[in-house]
1. Using per-residue counts of other Cβ atoms within 10 Å, averaged over each peptide, order 62-69, 19-26, 73-80, 47-54 from highest down.
2. Relative contact order, percent, of region 17-81 when contacts are C-alpha pairs under 8 Å separated by at least 6 residues?
3. What distance in nm lies between label points placed 7 Å from Cα along the C-beta direction at LEU56 and ARG18?
4. In terms of modelled amide H atoms, which long-range or inter-chain residues lie less than 5 Å from the amide H of ARG18?
5. Amide H of VAL67: which non-local residues (sequence gap of 5 or more, or other chain) have their own amide H closer than 5 Å, using H built in the peptide plane?
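Please treat every number below as a calculation from the coordinates, not as lab data. None of the values given here were measured: they were computed from a predicted structure. Cβ placement follows ideal geometry from the backbone for every residue including glycine, while neighbour counts extend to all protein chains displayed.
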Amino acid sequence: MRMPITLAARPRCFGAFRSMPYSSRAAYDGVAEFSIYVAGAHQGRGAGRLVLQELLAEAERAGIHKVTSRVFSHNAASRAL
């Protein structure tokens, strides 16, 4: 399974995501864990949502049917996505 790695850049890189296999067990084929980074100057302006939308589109094209991530409970912006 191809794992997507994408940078979002408009006009400069403001955010990125990376996904990786959730587990090497066959039961988790098609499941990926992901993380998103948004540069400080672009936080609170919709950049994270744009990057997440691109991640989900890339994941679907790669045959991934479920994505998961871990978020600290105090990270309200990430929880809002």
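1. Put in order of decreasing packing, that is 47-54, 62-69, 19-26, 73-80.
2. 34
3. For the pair LEU56/ARG18, the computed spacing is 2.3 nm.
4. Those qualifying (amide H under 5 Å, at least 5 residues apart or on another chain) are SER35.
5. ALA32
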